[in-house]
Amino acid sequence: MPFSRQEYDAIVIGSGPNGLSAAITMAEARRSVLVIEGYEMIGGGARSAELTLPGFVHDVCSSVYPMGVWSPFFRRLPLAHYGLEWVHPSAPLAHPLDDGSAVIVDRSIEVTAQNLGEDADRYRRLMGSLTSAWPKLESSVQSPFSIPAHPFAAARFGLTVLRSASSVAKHDFRSERARALLAGLAAHAVLPLERIPSAAFGLVLGIIAHTQGWPFARSGSQNIPNALARHLASLGGEIVTDTPVESIEQIPRARAVLCDVTPRQLLKIAGSRLSASFRRTLDRYRYGPGVCKLDWALNGPIPWKAAECARAGTVHLGGTFEEIAASERDCWQGKHSERPFVLLSQPTLFDTTRAPAGKHTAWAYCHVPNGSTVDMTDAIEKQIERFAPGFRSLILKRSVRVAASLETYNPNLIGGDIGGGAADLEQFLLRPTRRLYRTSAKGIYLCSSSTPPGPGVHGLCGHLAARSALKDLF
Ligand SMILES: Cc1cc2nc3c(=O)[nH]c(=O)nc-3n(C[C@H](O)[C@H](O)[C@H](O)COP(=O)(O)OP(=O)(O)OC[C@H]3O[C@@H](n4cnc5c(N)ncnc54)[C@H](O)[C@@H]3O)c2cc1C
């Protein structure tokens, strides 16, 4: 094995955003650290590659980074110095409707509210109060399960957001436009919209749209792990790639082993070191639906019926609240929706470095049952054509990844689940077990998105896991 030393203070298995963040936290505390990555490139869910034609850079997994630009951990790292530049579209989000109009989420709450007709005041009040409470709650995210610095603000915020999207749609809004917007935001939870806490995901993404934006990484998502890795190298950390860890016994000795993997892989890699009862608890951990992911090289920009959709980096395609809710229910019931809710991003409208002059890329996925091998190209492209007639005629080449193949690409994507496990009420905060980052074995930690605060590229799971290890062991 290509390791330069026999022993490290810490070893991180996996170089996703959380693995690299765990390693940086260890290195910042002057601990020797090695990251071991199974794939030929670092980055996990934040890699980019020429998936279609030469000169077209596509984000293989994640593409839009509300949690990345918000992350209090990323914000304090010198990532800009190491080549990461956030590119902000003119508006974070568009949600086209069948009448040919679109709801645009602008950075300004006021401008967004003006889009929402009779719900303008309700939107102003709801998002106004949540965005003003938000800064007070950031410290709680960095110290989950400690007493919040602002307990009343935290309680009020929790009561507002810890609901189902259908409850918020029913009680807080009247118009189809506002309800549709909420459905698209909440569908990022990959939960039926009738289930708690689907609204929390939607409302937090809405808050960040207004406070920090939903940017891309200039020239491709790969620049996020690349910047993290360069910072890690400056602190003396090491990385080896192309070295899948089959068993914890094959790696050099270390006081702390931080695993950027999901519970199912932890059982394979380190099961023999875990107690029987902890193994049983991990075994019960549940994964959610998968995704079918498409990328296109395009001969021109997407011809949206509602021209203002071209202002947005991300576009939600699914029309009404009811249609999106049906699509999200379907994938939990083992069905492939005929009209799936599609999340689409169009980075080249704002970043010309990703495609040859005048050409464009688009990125999209829809939710499907876990482990699905169904190619959803036709259903996804029909949804785009519905709001952008002529889209198909622009396609130069497409790349398709069905849910099952995503796991082959990155073993953390179990059955194509992009969230590291279902984020339902039970697994939302206490993930994957009540021990959070800790396991039953001294010195072995989980640091992936299967731990709080969960999915997304923000590095906080890794940072918080490493802080636990530093506290326990060093
Ligand atoms: C299609 C798709 C779209 C997404 N869209 C977004 C988005 O737009 N915005 C956003 O914020 N998030 C998005 N996400 C989610 C985001 O990518 C993840 O939440 C994030 O990458 C989790 O980071 P992580 O470090 O926990 O795990 P990962 O990024 O999955 O990294 C885990 C790493 O560990 C390695 N590994 C696993 N097992 C082993 C082993 N045994 N030995 C060695 N190495 C191993 C893997 O190869 C991988 O590099 C998306 C994900 C997918 C798949």
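Throughout, read-outs are computed from the coordinates displayed, never taken from laboratory work. Since the model is a prediction, treat every value here as computed from it, not as a measurement. Counting neighbours? That spans all protein chains shown, and the Cβs are built from the backbone with ideal geometry, glycine included.
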Hey, how many Å between the Cα centroid of region 54-100 and the Cα centroid of region 401-445? 23
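When a/c reaches 1.5 or more, the comparison of a/b and b/c decides; with that in mind, is the chain rounded, prolate or oblate per its Cα gyration tensor? Mind dumping the intermediate values first?
On the way: a/c = 1.65, a/b = 1.38, b/c = 1.20.
Cα axes put the chain in the prolate bin.
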Counting only helical runs of four or more DSSP H residues, what would the 222 nm mean residue ellipticity of the chain come to if each run contributes -39,500 (n - 2.57) and the total is spread over all its residues? -10500 deg cm²/dmol
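Of THR320, THR314, THR408, how do they rank once you tally other Cβ atoms within 10 Å and put the fewest first? Before the final figure, lay out each step's value.
Working: THR320 15, THR314 26, THR408 9.
Fewest to most other Cβ atoms nearby, the residues stand as THR408, THR320, THR314.
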In whole angstrom, and with the biggest value first, how far do the Cα coordinates of region 289-444 range along each principal axis? 56, 36, 28
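Give me MET127, MET26 ranked fewest to most by other Cβ atoms within 10 Å of their Cβ, as a rough exposure proxy.
Details: MET127 21, MET26 33.
Ranked by crowding around the Cβ, least crowded first: MET127, MET26.
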With the cut-off at 30 Å, tell me which of the pairs LYS136/LYS305; LYS170/LYS397; LYS305/LYS397; LYS359/LYS382 have Cα atoms farther apart than that. LYS136/LYS305; LYS170/LYS397
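So if each residue of separation counts as 0.36 nm, and I subtract the Cα-Cα distance between ALA357 and ASP99, what length gain in nm does that give? Provide the component values of the computation, followed by the final result.
On the way: separation 258, 0.36 × 258 = 92.88 nm, distance 3.28 nm.
Stretched fully, the ALA357-ASP99 segment lengthens by 89.6 nm.
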How much length is gained on full extension from LYS268 to ARG286, taking 0.36 nm per residue of separation minus their Cα-Cα distance? 4.9 nm
Calculate how steeply helix 460-473 sits against the longest principal axis of the alpha-carbon atoms of the chain, using the helix alpha-carbon long axis, and give the answer as 0 to 90 degrees to the nearest 10. 20
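Taking square-rooted eigenvalues a ≥ b ≥ c of the alpha carbon gyration tensor, is region 1-51 rounded, prolate or oblate, where a/c under 1.5 means rounded and, failing that, a/b exceeding b/c means prolate?
Working: a/c = 3.38, a/b = 1.59, b/c = 2.13.
Oblate is the answer for region 1-51, as a/c is 1.5 or above yet b/c matches or exceeds a/b.
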Label-reachable residues, region 206-249, where backbone N falls under 20 Å from a point 7 Å from ALA120's Cα toward its Cβ: 210
What does the C-alpha gyration tensor say about the overall shape of region 240-354? Classify as rounded when a/c is under 1.5, otherwise prolate if a/b is larger than b/c, or oblate. oblate
Using label points projected 7 Å from each Cα along Cα→Cβ, tell me how many nm separate ARG75 and LEU473, to one decimal. 3.0
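I need ILE418, ILE196 ordered by Cβ neighbour count within 10 Å, fewest first.
Working: ILE418 24, ILE196 17.
Placing the least packed residue first, the sequence is ILE196, ILE418.
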Nearest 10 degrees is fine. How inclined is helix 151-161 to the longest principal axis of the chain, computing both from alpha carbons? 50
Run the simple label-point estimate for SER132 and VAL400 please: 7 Å along Cα→C-beta, distance reported in nm. 5.1
Length gain on complete extension for the stretch SER393 to THR408, per 0.36 nm per residue less the alpha carbon to alpha carbon distance? 2.3 nm
Under 14 Å by backbone N from the virtual spin label 7 Å along Cα-to-Cβ at ASN299, the residues of region 380-404 are 390-398
